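Undergrad: The structure under discussion is supplied below as structure tokens; questions concerning it will follow.
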Amino acid sequence: MTHETKRLHPIAIVIYTVKRLRQGPFLVLALLIAIKKKTGDPFIDWLPLFLFLLYALFAGYMSWRRFTYRFEENEMYIEQGIFVKKKRYIPFERIQGISQSFGLLQRLVGVVQVHIETAGRQIDDPEVVLPAISIEEADQIKRAIRNQNEGNMLIQNEMDVVFTLRFRDVLFLAVTSGGAFGVIAAIGAFFSDFNDFIPFERLKTFLPIDDMTSTIVLLFTMLIVAYILSIVGHLLRYMNFTVVKQKNTLMITTGLLQKKSISTSIERVQAIVVKESPIRYLFGYVSVHLVHAGGSLDDGKQGSLLLFPIVRTSEVTSLIATCFPEYRLHGSLRSLCTCARWRYMLRSLYTVMLIPIITIVFFQRFETLLLLVPAVYVGYRSYKRAGVAIKSEQLALRRGWLTTKTVYMLKHRIQSLTISQSRMQQRLGLCTVHATVMPGIRTKVVDVDESTAKTIYEWFLGN
Amino acid sequence: MIRDREIELEHGVWIRKRTLIPLHRVQHVDAKQGPLARKYKLASLYIYTAATAHEIPFLDEREAEKLRHYISSLVKEDDHDA
């Protein structure tokens, strides 16, 4: 392996510049200055924006210039930082996972972005991002890591494609995604913020918006556009989704425009989460996430990795059994005892109670009392869905009302277990069970009856 | 309560909690002491696992120290699993 010190591909300048430009506060500041002062002189009006652009370009150049890296026998060395220099040695055996992505910019010049994840969470950010290196180098890193981890054993090239998404599934995933609502919310927030900037009076002269219907139509088209945008986004993201198992590593590749590949070792997996959202469940689909120790390889939450975005309920068990022989998924969870039902329903009642109380006391409106009906239903449903189960070395906890999450944890992965009991619960003989796995992900089920809680506690005692 | 293989904590007035931490999950132990606690010779003990932190508040200074050493010695013995 070469020992020379290297720089990233110069395209990194552009990448860094774009990144700098996207950084919120600077951009907002520059925009505000550009909007506020209108002296009429275009030069002065655009000066701050121009300066900002120049700054970003300069910073991008400097970030590239100061970023050097070097491979050595068993480790890689990275030096970066404009003002604060950061030098870092990463032993290959400490690397926990690696993911690659090809963005549009990267694809232009045929390089990849590599995301290296190490374990140390407390020190500082556990990830190193190499925004633009050649594909050969990326493979080199991967090979080095694998050699390290397998003690220079023969590299077995048997790869099993465990899972692929068909176009039909991707489409279904996109159509039923909650992301659509996210886009709508974002657009809504945008408009409520920028109300002042949009000259509604002037709009009115163009369009005769003085009746409600046209506003509604406008809103409706907005929603539909948002929905379509979200669908397209999902399609691009989850096209060609494949999971490949190669001995102890799982490789996930996905994406049409921005190709991404994530690989993580099976030993790093701390728990398996099965999510059932109502619409998908109706058609017999669920999604499966992995909880793995360390940073976020997927740009989602820390420690969470999407394994199967959407999969037939009937196939989940066998699929998981091939990937993770230690885990046994099953639907037979022990549901809670009936005395917990009232507590669940009351608890969701308390949370909404405030709205009717306020409206009745201050406005003498009684219609809001109707809100209590769905509240009771939510409570009842979360009671119905909650459950626990122990099967040999594995603990399963399930909770949620709209989307139910079932978390499967192995005993030797659980970091700590807490059983808590309030006075009220004590009287009814109920407990709350909390279990925590590695990156600080905590799961709890409320109102488990005492004897079950005791079994769990004793099960964990015999560690 | 500290046993051979795990630490068991019991706490809470209104909500009673019992926490179980297997010893080989313990990463490190901290003792902390604020100015007031120092005046009364008290110290709080923090037990860290890879994912969680647990506090044993306001122990007697010497007892905290003793406990800290005891836990760390137990952890070392039990160091078979990374």
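The values are calculated or read from the model by the stated rules, or taken from the named source; none is laboratory data. Model, not experiment: these values are computed from the prediction. Note that we place each Cβ from the backbone using ideal geometry, even for glycine, and neighbour counts take in every protein chain shown. Only protein heavy atoms, including side chains, enter the accessible area calculation; ligands, DNA and RNA are left aside. Shrake-Rupley method; radii C 1.70, N 1.55, O 1.52, S 1.80 Å.
Undergrad: Got a number for the accessible area of B:GLU65? Probe 1.4 Å, square angstrom, nearest 10.
TA: The value for B:GLU65 is about 80 Å².
Undergrad: Hey, with R₀ at 51 Å, roughly what FRET efficiency would A:LEU282 and A:PHE58 work out to, going by the Cβ-Cβ distance, to 0.05?
TA: Numbers: r = 55 Å, r/R0 = 1.07.
Efficiency for this residue pair is about 0.40.
Undergrad: Still on this model: With Cβ to Cβ distances under 15 Å as the rule, what net charge do the other residues near A:PHE324 carry (K, R +1; D, E -1)?
TA: Net charge in that neighbourhood comes out at +2.
Undergrad: Still on this structure: Once you list every other residue whose beta carbon is under 12 Å from the beta carbon of A:LYS259, what net charge do they have if Lys and Arg are +1 and Asp and Glu are -1?
TA: With Lys, Arg at +1 and Asp, Glu at -1, the net is +3.
Undergrad: How big is the accessible area of A:LYS19 in square angstrom, nearest 10, if you roll a 1.4 angstrom probe over the protein chains?
TA: Its heavy atoms expose roughly 110 Å² to the probe.
Undergrad: Go through A:HIS412, A:HIS115 and list them by solvent-accessible area, largest first, probe radius 1.4 Å. Intermediate values should be presented prior to the final figure.
TA: Working: A:HIS412 70, A:HIS115 40 Å².
Per-residue accessible area, sorted high to low, gives A:HIS412, A:HIS115.
Undergrad: Beyond 17 Å, what share of the Cα-Cα pairs of the stretch A:394-447 is found? Please give it as a whole percent.
TA: 41
Undergrad: Measuring from label point to label point, each 7 Å out along Cα→Cβ, what is the A:THR317 to A:ARG88 span in nm?
TA: Modelled inter-label distance: 4.4 nm.
Undergrad: While we're here: If you rank A:MET438, A:MET409 by how much accessible surface each has, with a 1.4 Å probe, what is the order from largest down?
TA: Accessible-area ranking of A:MET438, A:MET409, largest first: A:MET438, A:MET409.
Undergrad: Hey, can you find the accessible area per residue of the stretch A:305-463 for me, probe 1.4 Å, expressed in square angstrom?
TA: 48
Undergrad: Within the stretch B:6-77, how many Lys pairs sit with Cα atoms under 26 Å apart, leaving out pairs fewer than 8 places apart on the same chain?
TA: Lysine pairs, 8 or more places apart or on different chains, close enough: 8.
Undergrad: Just read off the accessible area of A:TYR55 with the full protein assembly in place, 1.4 Å probe, to the nearest 10 Å².
TA: 90
Undergrad: On full extension of the chain, what length is gained from A:ARG168 through A:LYS391, given 0.36 nm per residue of separation minus the C-alpha to C-alpha distance?
TA: That works out to 76.8 nm of additional length.
Undergrad: Separate question: Quick check: the angle from helix B:61-77's long axis to the longest principal axis of chain B, C-alpha only, nearest 10 degrees?
TA: 10
Undergrad: Okay, moving on. Starting from the 7 Å offset along Cα-to-Cβ, what nm value, one decimal, do you get for the label separation of A:VAL373 and A:ASP160?
TA: 5.1
Undergrad: Along the charge dipole of the stretch A:334-461, pointing to its positive end and built from +1/-1 on Cβ of Lys, Arg, Asp and Glu, which listed residue (A:THR452, A:THR359, A:LEU369) has its Cα farthest out?
TA: A:THR452
Undergrad: Here's another thing I want to ask about it. How much of the accessible area of chain B, in percent, comes from carbon and sulfur atoms when a 1.4 Å probe is used?
TA: Looking at chain B in its full context, I get 52 percent from C and S.
Undergrad: Further question on the same structure: If you roll a 1.4 Å probe over the stretch A:334-461 with all protein chains in place, what percent of the accessible area is carbon or sulfur?
TA: Here it works out to 64 percent.
Undergrad: Same structure, new question: Given a Förster radius of 41 Å and the C-beta distance between A:THR68 and A:MET239 as r, what FRET efficiency does 1/(1 + (r/R0)^6) yield to the nearest 0.05? Kindly include the intermediate steps, with their values, before the conclusion.
TA: Working: r = 36 Å, r/R0 = 0.87.
The pair A:THR68/A:MET239 has a calculated efficiency of 0.70.
Undergrad: Another question, if that's okay. Let me check something: with ligands and nucleic acids excluded, how do B:ASP60, A:ASP447 order by accessible area (1.4 Å probe), largest to smallest?
TA: Ranked list, largest accessible area first: B:ASP60, A:ASP447.
Undergrad: Enter the buried accessible area of the A/B pair, total of both sides, probe 1.4 Å, in Å² rounded to the nearest 100.
TA: Buried area between the two chains comes out at roughly 1900 Å².
Undergrad: So, counting K/R as plus one and D/E as minus one, what does the shell of residues with Cβ under 12 Å around B:GLU61 add up to?
TA: Values: positive: B:LYS32, B:ARG38, B:LYS39, B:LYS41, B:ARG62, B:LYS66, B:ARG68; negative: B:ASP60, B:GLU63, B:GLU65.
Spelling it out: positives minus negatives among the neighbours equals +4.
Undergrad: State, to one decimal in nm, how far the label point of A:LEU104 lies from the label point of A:THR215, with both points 7 Å from Cα in the Cβ direction.
TA: 3.6
Undergrad: I'd like to compare A:363-371, A:9-17, A:234-242: which one has the highest average count of other Cβ atoms within 10 Å, and what's the full order after that?
TA: The peptides rank, most packed first, as A:9-17, A:234-242, A:363-371.
Undergrad: What whole-number value in cubic angstrom gives the convex hull volume per residue for the C-alpha atoms of the stretch A:334-461?
TA: Once divided by residue count, the hull of the stretch A:334-461 is 120 Å³.
Undergrad: OK, next. Counting heavy atoms of the protein chains only and a 1.4 Å probe, report the per residue accessible area for the stretch B:6-77 as a whole number of Å².
TA: With all protein chains present, the stretch B:6-77 gives 60 Å² per residue.
Undergrad: Would you kindly state how much longer the chain becomes between B:GLN33 and B:HIS69 on full extension, computed as 0.36 nm times their sequence separation minus their alpha carbon distance, in nm to one decimal? Don't jump to the answer; show the numbers that get you there.
TA: Values: separation 36, 0.36 × 36 = 12.96 nm, distance 1.65 nm.
Separation in residues times 0.36 nm, less the Cα-Cα distance, equals 11.3 nm.
Undergrad: Mind listing, in residue-number order, the residues in the stretch B:37-51 that have at least 30 Å² less accessible area with every protein chain present than in their own chain alone (1.4 Å probe)?
TA: Residues shielded by partner chains are B:ALA50, B:ALA51.
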